[in-house]
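> Please find one structure pasted underneath; my questions will follow.
Values quoted throughout were computed directly from the atomic coordinates according to the rules given, and no laboratory measurement underlies them. For clarity, every value in this text was computed on a predicted model and none was experimentally measured. Heads up, the Cβs are rebuilt from the backbone with ideal geometry, glycines too, and the neighbour counts pull from every protein chain shown.
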Amino acid sequence: MLGKNGNVLGPPRGPTARTPVTASARPTRAELAAAAGLSIPDVVAPGLRVLFCGINPSLYSAATGHHFARPGNRFWPALHAAGFTPRLLRPDEQLELLTLGLGITNVVARATARADELTEAELLAGGQALAGLAARLQPRWLAVLGVTAYRTAFGQRHATVGPQEEKVGGARVWVLPNPSGLNAHWSAAGLAAEFAGLRAAALA
């Protein structure tokens, strides 16, 4: 599927919300409940500098159709603080990432309330699908946002945050902390520093 300006807007890997809420509206409880199990399209194009990969969409993201949309998620602030974007983008401005050589996908397409609701089999299958996507699009870097999910999806039980020796689909891999507000192990400053390390490598 082609997105704006001829960029590739990836098809969703599962059922999608029929009527996403508007950018200014918050999903209702009913809309959030109905979003369980849905998916949202990838924001991708060939030859990206960095393809960011979340674990899976939150219910909030599935209800709105925007990646990392849940209030309190620190992905967009960390992206800006690290210098990837010239200003703080809103989740509904996600397609602007493509003009910067950046994209977003997920290891698992199925939306859940919490990432720990995913099964090991789903993560393993998602890792295989992600490797195929990377092989087709050939991003320079694949940034997986969540070290625990990365360990499971790719069988790297001792992986830590930072650059990895192993490649996925031919792309170099950098594991970033999960930017969810539920991840109390990482401060906003710590997240920004890790994102900045990836940016420096991507520009090298």
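> Using alpha-carbon pairs under 8 Å, 6+ residues apart, how would you state the relative contact order of the range 112-194 in percent?
Relative CO of the range 112-194 lands at 29 percent.
> While we're here: With each label point set 7 Å from Cα along the Cα-Cβ vector, what nm distance links Glu165 and Ala201?
1.4
> Which value in Å is the Kirkwood Rh of the chain over different Cα pairs? Can you show the working numbers first?
Numbers: mean 1/r = 0.0598 Å⁻¹.
For the chain, inverting the mean 1/r across all distinct Cα pairs yields 16.7 Å.
> Name the long-range amide H neighbours of Ala143: under 5 Å, sequence gap of 5 or more, or other chain; modelled H, no Pro or chain starts.
Answer set, sorted by chain and number: Leu51, Phe52, Cys53, Trp174.
> Related question: Each label point is 7 Å from the Cα along the Cα-to-Cβ direction; what then is the distance between the points at Arg90 and Ala125, in nm?
The modelled label-to-label distance comes out at 3.5 nm.
> In addition: Rounded to the nearest 0.05, what FRET efficiency is calculated for Leu182 and Arg49 with R0 set to 30 Å and r the Cβ-Cβ distance?
Numbers: r = 28 Å, r/R0 = 0.94.
Computed FRET efficiency for Leu182 and Arg49 comes out at 0.60.
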